[in-house]
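To start, the structure itself, in structure tokens.
Readers should treat all values here as calculations from the given coordinates under stated rules, not as data from a laboratory. What you are looking at is a predicted structure, and each value in this text was computed from that prediction instead of being measured. A quick note on method: Cβ atoms are made from the backbone with ideal geometry, for glycine too, and the neighbour counts reach across all protein chains shown.
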Amino acid sequence: MGESRNCPKCGKGVPKYATKCPYCGYHLLDDGKPSKYKKPFFIALMAICLLVALLFFIIKLLDFTLVLIITAICCAVIAHRVS
């Protein structure tokens with residue numbers, strides 16, 4: 001095998017060019033340091049996208065006034081959690 005480095009999580013040798021450990025799946029940067037990849041962030045982003053798509057679906061099915069009320073409630077809940 002060519003140049004290699006050790007995975008910081010499992011300690012096994014991985015190729016120098018690898019961005020992910022083939023043994024444990026740990027995400028690596030090119031310099032061998034762990035990446036800033038955060039799975040919960042991507043899950044939250046996908047959940048927000050799903051909620052937006054659902055909102056557009058509701059707009060087509062329901063009265064626009066009801067959608068505005070639901071949107072206002074959701075915004076208030078989000079603003080309360082953020083602050």
Check: Counting Lys +1, Arg +1, Asp -1, Glu -1, what net charge surrounds Cys21 among other residues with beta carbon under 11 Å of its beta carbon?
Finding: +4
Next item on the list: Give the long-range amide H neighbours of Val14: residues separated by 5 or more places, or on another chain, with amide H under 5 Å away, using H modelled in the peptide plane at 1.01 Å from N.
Entry: Arg5, Asn6, Cys7
Next item on the list: With a 10 Å radius around each residue's Cβ, average the other Cβ atoms per peptide and rank 49-60, 12-23, highest first.
Entry: 12-23, 49-60
